[in-house]
Amino acid sequence: MNKYLKIILGVLAVIILGIGLLVVTFVLEMKPDKDEEAKIKIQAEQYLEDEFNDNFEIYDTLYDNMGNFGFDYAAKVRDKKGGTAFLVYHDAETEQMMDTYIADKWADDLEAEISPFIKENFGKAAYVHVFFTNDKIGQELGVSPVNPKSFKEFDVAPTIRITVPRKRSDGDEKILNEFISFLKSEDKLQHGSAFLEYIAENGEILDDEWGKEF
């Protein structure tokens, strides 16, 4: 009996030790490397000096420990005048420094223009989030961060996500169609995607998200 008990205890000890090692490894992987953070800051500072002007400042770093982006480390940068926050990072694919400034600035600009319509038609508690799936759009279009121009000057197609703190209503499709017409008639945007999602006060999803491309 003692022999079997020792075997069982030994197996349990090995399992517990293995779990402990996995936990320690996971915790270490979740923590950013200070040297890598310092490195990306230096790279970003030089990049900003070469491509931007004095209106921009680094205020933090981002460590992508979940693999959500195409980089491990990025510098968080802020436009001191406009307030737009964006990322500067080393792109592994192109082996060049890249930034998300134009994508984030244009998203901020569009949000500011459409928020009054959203709140007037979906309620003051509704809010909108705009984003470009291609965060390199500024470089690809050759737009200078010093002279960012307007998204209206280009044929771009951002995604517009409208969050409404209530259940879906029968009149929502009509409002969404009016919103799309508003974008086109006001010459704000000719192409894109608009989605509606419904949540409770506690953040619980109430209805399936739906939307339209235009």
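Do the conditions hold for GLY138, that is, is it under 21 Å from the mean Cα position of the chain (by Cα), over 15 Å from LYS105 (Cα atoms), of a type outside the set (A, V, I, L, M, F, W, C) and open to solvent by less than 80 Å² (accessible area, probe 1.4 Å)? Spell out how you get there, then give the answer.
Working: under 21 Å from the mean Cα position of the chain (by Cα): yes; over 15 Å from LYS105 (Cα atoms): no; of a type outside the set (A, V, I, L, M, F, W, C): yes; open to solvent by less than 80 Å² (accessible area, probe 1.4 Å): yes.
Spelling it out, it is not the case that GLY138 is under 21 Å from the mean Cα position of the chain (by Cα), over 15 Å from LYS105 (Cα atoms), of a type outside the set (A, V, I, L, M, F, W, C) and open to solvent by less than 80 Å² (accessible area, probe 1.4 Å).
Restricting attention to the range 205-214, does a residue exist that is open to solvent by 70 Å² or more (accessible area, probe 1.4 Å) and not charged (D, E, K, R)?
yes
How many residues, within the range 91-105, are touching a strand residue (DSSP E or B) at 6+ places or on another chain (Cβ under 7 Å) and surrounded by fewer than 21 Cβ atoms within 10 Å (Cβ to Cβ)?
Summing the residues that are touching a strand residue (DSSP E or B) at 6+ places or on another chain (Cβ under 7 Å) and surrounded by fewer than 21 Cβ atoms within 10 Å (Cβ to Cβ) in the range 91-105 gives 3.
What are the pairs, 6+ residues apart or on separate chains, where a residue within the range 163-189 that is under 24 Å from SER150 (Cβ atoms) has its Cβ under 8 Å from a residue that is surrounded by fewer than 13 Cβ atoms within 10 Å (Cβ to Cβ) and modelled with pLDDT under 95?
Close Cβ pairs satisfying both conditions: LEU183/GLN190; LYS184/GLN190.
Conditions: (1) closer than 17 Å to GLY123 by Cβ; (2) open to solvent by 50 Å² or more (accessible area, probe 1.4 Å). GLN190 meets all but one. Number of the miss?
(1)
Across the range 145-162, which residue is farthest from LYS80 (Cα to Cα) among those that are free of Cβ contacts under 8 Å to residues at least 24 places away in the same chain and assigned to a loop (DSSP other than H, G, I, E, B)?
PHE154
The values are calculated or read from the model by the stated rules, or taken from the named source; none is laboratory data. These numbers were taken from a predicted model, which means no experiment stands behind them. Heads up, the Cβs are rebuilt from the backbone with ideal geometry, glycines too, and the neighbour counts pull from every protein chain shown. Note: areas computed on protein heavy atoms with side chains; ligands, DNA, RNA excluded. Shrake-Rupley method; radii C 1.70, N 1.55, O 1.52, S 1.80 Å.
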